[in-house]
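Read through the structure below, which is laid out as structure tokens, and then see the notes.
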């Protein structure tokens, strides 16, 4: 049974990835509004209903990888051995490594970087995608505040976890913008990623100074909340 369930989950993950990757390609090539969810399903050999079984909206279909950030926030911010800023830097390091791996998978790095730029341009030029990304960032702040409150014995709506969560997710927003700025064709990938990391760590030092008085984890804390 475990083997069967494991295979089923792997197939579901593979289909989810195929749908998201196909959507990204079609949206970048033809525009977000010009491509229907049914078109994405047809390109993957499934129905529109099947696509919506995996994704709640057309926007989520394109920005699916943001969900990995939510999981990472719960995992690392709940670790009592990691100060909040160190935990957030771990999340951001993992995101950068993921971007590098995705770009390096193409033998033509400049082509991959150009595609990455077009993807960013698509988000910025599409109001519904900008709104979805903004709403997702707000949800990340709520997740971070909930986790930080749980590890300190505070309430999620207390001032300390609220402002700490907002500051930490400010680093995420900064990295998002820095990737857009530095990743471009003609620039070595290692240099671009190094510049992004440098900006993030500069900002993190400032945030860290402000969080020196953030409450320490209470005894027995460390279990991440299950809700989002």
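Once the chain from residue 12 to residue 36 is taken as fully extended at 0.36 nm per residue, the excess over their C-alpha distance is 6.5 nm.
When 148, 19 are sorted by how many other C-beta atoms sit within 10 angstrom of their C-beta, beginning with the fewest, the order is 19, 148.
Each Cα pair under 8 Å and six or more residues apart adds its sequence gap; the mean of these over the residue count of the chain is a relative contact order of 21 percent.
Dividing the mean sequence gap of close Cα pairs (under 8 Å, 6+ apart) by how many residues the stretch 2-58 holds gives a relative contact order of 26 percent.
Entry for the stretch 2-58 at q = 0.12, 0.28 Å⁻¹: log10 I(q)/I(0) = -0.29, -1.13, Debye formula applied to identical alpha-carbon scatterers, no solvent contribution.
Treating the Cα atoms of the stretch 67-222 as identical point scatterers in vacuum, please give the log10 of the normalised Debye intensity I(q)/I(0) at q = 0.08, 0.15, 0.17, 0.18 Å⁻¹, two decimals. Debye intensities relative to I(0), on a log10 scale: -0.25, -0.81, -0.99, -1.07.
The residue 90 and residue 139 beta-carbon pair, evaluated with R₀ = 22 Å, returns a calculated FRET efficiency of approximately 0.65. Taking the average, over residues, of other Cβ atoms within 10 Å as the packing measure, peptides 85-93, 110-118 rank 85-93, 110-118 from highest down. Listed from fewest to most Cβ neighbours within 10 Å, the set 57, 190, 20 follows the order 190, 57, 20. The relative contact order of the stretch 15-102 comes to 21 percent, based on Cα pairs under 8 Å that sit 6 or more residues apart.
Peptides 9-18, 38-47 ranked from most to least packed give 38-47, 9-18, packing being the mean of other C-beta atoms within 10 angstrom over each peptide's residues. To the nearest ten degrees, helix 127-152 and the longest principal axis of the Cα atoms of the chain are 30 degrees apart.
Read-outs: derived from the displayed coordinates by stated rules, not from any lab. The model shown is predicted, which means the values in this text are computed figures rather than measured ones. Backbone-built Cβ (ideal geometry, glycine too); neighbour counts: all protein chains shown.
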